[in-house]
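Derivation of every value follows stated rules applied to the coordinates shown; laboratory data play no part. As the structure is a prediction and not an experimental result, all values here were calculated from the model. With ideal geometry, Cβ positions are generated from the backbone for all residues, glycine too; neighbour counts draw on all protein chains shown.
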Amino acid sequence: MLKEIVVISGKGGTGKTSVVAALAALFDNKVLADCDVDAADLHLVLNPEIIENHEFWSGKTANIDKSKCINCNKCLELCQFEAISDEMVIDKISCEGCGVCFHFCPSGAISLQDNLAGHWYISKTKYGTFVHAKLGIAEENSGKLVTLVKNKARELAAKENKSIILVDGPPGIGCPVIASISGANLVLIITEPTLSGIHDLTRVLSLNKHFNVQTAVCINKSDINQEMTASIIKNCQENNIPVVGVIPYDNSVTKAQIQGLSILEFNPESHTAQIIRKMQEEIITLIS
Ligand code: SF4
Ligand code: SF4
């Protein structure tokens with residue numbers, strides 16, 4: 001039966017992508033998905049060969065046909081986002097596509113046009129099929145793109161008869177994260193023993209509890225504050241959340257990433273690689 005593992009963190013910079021890359025090297029028969037569409041970086045380790053490139057259209061942007069404009073200034077007065085300049089040019093980044101100007105323009109000079117908000121891809125990688133995406137600069141609706149990436153990964157997994165979908169999720173607790181964890185069999189939270197790390201972990205845990213998703217925790221850079229690491233472990237035990245990995249800081253993880261490799265390829269016998277192997281075994285037990 002197909003199982004979905006989503007790896008998230010309360011914020012960026014916890015080493016989430018390095019852990020996903022290492023797990024990608026270990027799991028067989030899987031489809032990979034990068035749902036961190038605002039700051040996708042899993043491709044840096046996977047070196048994907050893009051085999052399909054699709055446009056992602058989302059939302060609307062207003063456009064003014066100056067030849068029809070009678071300079072009544074109604075659109076300027078009504079736009080709540082100050083997206084229209086005195087020269088009747090619409091700033092595409094500020095325009096929210098609300099349509100107010102379009103509806104109230106007396107001369108029909110304004111049209112609403114579909115917005116090319118990004119691209120999504122299906123690629124081949126050394127670790128298997130990979131679905132990923134890139135949202136355009138200042139584009140919104142990343143939740144919608146995350147859902148699209150996940151659905152494509154599910155379609156491909158079913159078609160290729162895969163048993164695992166491994167997802168690199170977005171940071172935070174907003175709409176893209178909710179889109180990424182929906183339907184997951186396990187959410188693995190990567191955290192670090194800092195005050196902000198604990199704060200973010202608490203927020204993400206309550207989100208998972210709210211959506212009733214099975215959760216496990218991995219503490220990365222555990223030795224930067226042993227006391228906080230112990231406190232996270234205790235907190236997780238009290239809440240029946242398994243801590244499946246405790247990974248001390250390891251400079252070679254960064255070196256591996258710079259070379260476009262996972263730690264499993266860069267140094268398969270390292271302490272970090274061994275911890276991640278053990279973590280994968282625990283994950284398999286949890287989702288079985
Ligand atoms: S669509 Fe809305 S946000 Fe965009 S220019 Fe018109 S009124 Fe402003
Ligand atoms: S509302 Fe229409 S006619 Fe009036 S200034 Fe704006 S674009 Fe021109």
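Observations, loosely collected:
- Between the amide H of VAL243 and those of VAL217, distances stay under 5 Å, these residues lying 5 or more places away or on another chain, with hydrogens modeled in the peptide plane.
- Least to most buried among LYS162, LYS150, LYS124 (fewest other Cβ within 10 Å first): LYS124, LYS162, LYS150
- Sorted on the mean count of surrounding Cβ atoms within 10 Å across their residues, most packed first, peptides 103-114, 31-42 read 31-42, 103-114.
- Given charges at Cβ of Lys, Arg, Asp, Glu: region 89-157 dipole, positive-most of SER111, ILE93, ALA157: ALA157
- Secondary-structure-derived ellipticity at 222 nm for the chain, considering helices only, amounts to -11000 deg cm²/dmol, per-run term -39500 (n - 2.57) for DSSP H runs with n ≥ 4.
- Extension reserve of the GLN274-GLU77 stretch, reckoned as 0.36 nm per residue once the Cα distance is removed: 64.6 nm
- Taking each of LYS3/LYS209; LYS152/LYS221; LYS144/LYS209; LYS30/LYS234; LYS16/LYS126; LYS68/LYS92 in turn, the alpha-carbon distance tops 29 angstrom for LYS152/LYS221; LYS30/LYS234.
- Take each peptide in 202-212, 84-94, 16-26, count the other Cβ atoms within 10 Å of every residue, and average; sorted highest first, the result is 16-26, 202-212, 84-94.
- The packing ranking, built from the mean of other Cβ atoms within 10 Å per residue, places the peptides 221-229, 168-176, 74-82 in the order 168-176, 221-229, 74-82, highest first.
- Footprinting exposure proxy ranking of TYR127, TYR249, fewest other C-beta atoms within 10 angstrom first, gives TYR249, TYR127.
- Share of pairwise Cα separations in the chain, more than 34 Å, in percent: 30
- Descending Cα extents along the principal axes, region 28-182, whole Å: 64, 31, 25
- Length-normalised contact order for the chain - Cα pairs under 8 Å, 6+ apart - percent: 27
- Between ARG203 and SER111, the contour length at 0.36 nm per residue exceeds the Cα-Cα span by 28.9 nm.
- Packing-based exposure ordering (other Cβ within 10 Å, fewest first) of CYS101, CYS69: CYS69, CYS101
- Cα centre as origin, Lys/Arg/Asp/Glu Cβ charges: the chain dipole, Debye: 600
- Cross-link reach list, aspartates and glutamates versus LYS150, counting only Cα pairs under 17 Å and skipping chain neighbours closer than eight places: GLU4, ASP34, ASP36, ASP38, ASP41, GLU52, GLU55, GLU160, ASP168
- A Cβ-based charge dipole, computed about the Cα centre of region 61-130 with Lys and Arg at +1 and Asp and Glu at -1, lands at about 460 debye.
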